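The block underneath contains the structure these notes are about, expressed in structure tokens.
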Amino acid sequence: MENRALKLNKYSVGTGDRFAHQAGAQLQACILALESGIEVIPVWNKSNREHTIIGSKPKTVRVAADASVKALGWKLPYFCDADHITLQTVSPFLDACDFYTIDVADSIGQPASADEIEQFVELHPKLAGPVEFEKVDETFQITQQILRNTARKYLAAVKKAGEVYRAIANAKGKDDFIPEVSMDETDCPQTPIELLIILAAIADEGIPLQTIAPKFSGRFNKGVDYVGDVEQFEREFALDVAAIAYAVANFGLPDNLKLSVHSGSDKFSIYPAIHATMQRFDAGVHLKTAGTTWLEELIGLAEAGGDGLALAKDIYSEAYSHREELCVPYASVIDIEASMLPLPGEVCGWTSEQYTTALRHEPGVAAFNSSFRQLLHVGFKVAARMGRRYTDLIEANQDVIAKNVTENLYDRHIAPVFLGRNKSSHHLQEFSIGSKDSD
């Protein structure tokens, strides 16, 4: 009998859409990629935290995605991701989603029992010794102590992932969703050898993993560029890809297993390294771009002028007034310099160009303000509180917003990562998305 299990394609992009109005504009970026000769599969993601803040339901993501696919005639796969779910939060996503990012970061470091650790070590005698990866000119020596220490740190987290995976499989059927495991929202990055040992444990747990999101070295702050040693990242990323290939060959994990880069939005300085590694190993990647779409909505409103610009200014003023409240949940993934935040009174006098230039992330533009951008990135709660005032204005200005959303996703993310282009040569024409997405 033919295996009809869902399978994530080689290249995919995770796209956040806070207010469920930009699915068509995001899909248009994937269409431009297809016209350039490469398939990049859209995965619309939204977390339980975001739904709670906005007051939306997982079905709004599905409705928006389905509507855009129908309107634009997309014939390739697409998915809806229950982002960063746990056993406690997964239930509301079961009907709407077919991609599950199982977040076990909080379980990392919780010690497994001595019996579980010894059982794992006994199951993997080949891991205790020299390990060689294809296309890598070095040998890694894994001692019994490294094996036990890694199991002690990560085995409980993997077993938690197994619990969540089985709960989803029991509800949906094991072939009807794509499992991802996320370990990125933790303090310390995993080494490639730790990743290899984690993948062995995931295989033992029976999770048919299709993508994994480790924590890389360096800072992956929301909506701004990577902060860290790019050469170190490239080496680490390449070894992680090699470790995955080893795990697929030796542990029986799915042959399409690939890395997922979380908080991948605007990490321009490492995109060439990601692309080069993908080419070197013929590997796939899942790039999660998350909340930059919400910022493109703000840019579009500011560009539109009039009521749109006024609303964009009001949102900044409120975000500034409540910056501590807004920043606390994201403290580990933002670096805002208070002295770089303009006072609301100053922003009130800005032109459209001043607002958009400060917010739009164009490398090398002197007026770009990363602190301004990061505060607004986490400030979507302010727009959510405005209700119809916000959504009515994004609907009224959808043409200019959609153009910004598509250009951002295609030119600044898809083209450099998947096509190896620093700047897209594809000139975007004005287009109409058709029927608006449901909110």
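The values are calculated or read from the model by the stated rules, or taken from the named source; none is laboratory data. Since this is a predicted model, take the numbers as computed values, not measurements. Here the Cβ positions follow ideal geometry from the backbone for every residue, glycine too, while neighbour counts run over all protein chains shown. With ligands, DNA and RNA removed, areas are computed over all heavy atoms of the protein, side chains included. Shrake-Rupley method; radii C 1.70, N 1.55, O 1.52, S 1.80 Å.
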Scan of the range 362-404 for residues that are touching a residue at least 12 places away in the same chain (Cβ under 8 Å), surrounded by fewer than 20 Cβ atoms within 10 Å (Cβ to Cβ) and not in a helix (DSSP H, G or I), ordered by number: 363, 367, 369
Residue within the range 325-336 that is in contact with a Leu (Cβ under 7 Å, 6 or more places away or on another chain), at negative phi and part of a strand (DSSP E or B) present: no
Test: residue in the range 158-180 that is touching a residue at least 40 places away in the same chain (Cβ under 8 Å), over 23 Å from residue 58 (Cα atoms), open to solvent by less than 20 Å² (accessible area, probe 1.4 Å) and not in a strand (DSSP E or B): yes
The listed residue being open to solvent by 30 Å² or more (accessible area, probe 1.4 Å), more than 18 Å from residue 97 (Cα to Cα) and touching a residue at least 60 places away in the same chain (Cβ under 8 Å), out of 35, 39: 35
Subset of the range 19-56 that is assigned to a loop (DSSP other than H, G, I, E, B) and under 20 Å from residue 91 (Cα atoms) - its residue that is farthest from the chain's Cα centre (by Cα): 55
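So is residue 61 part of a helix (DSSP H, G or I), aliphatic (A, V, I, L, M) and within 26 Å of residue 165 (Cβ to Cβ) or not?
yes
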Enumeration of residues in the range 266-308 that are part of a helix (DSSP H, G or I), in contact with a Leu (Cβ under 7 Å, 6 or more places away or on another chain) and either crowded, with 20+ Cβ neighbours inside 10 Å or at pLDDT below 95 (or both): 295, 298, 299, 301, 302, 308
Selected residue (criterion: most open to solvent (accessible area, probe 1.4 Å)) from residues of the range 182-229 that are touching a Lys or Arg at 6+ places or on another chain (Cβ under 6 Å) and outside any loop (DSSP other than H, G, I, E, B): 227
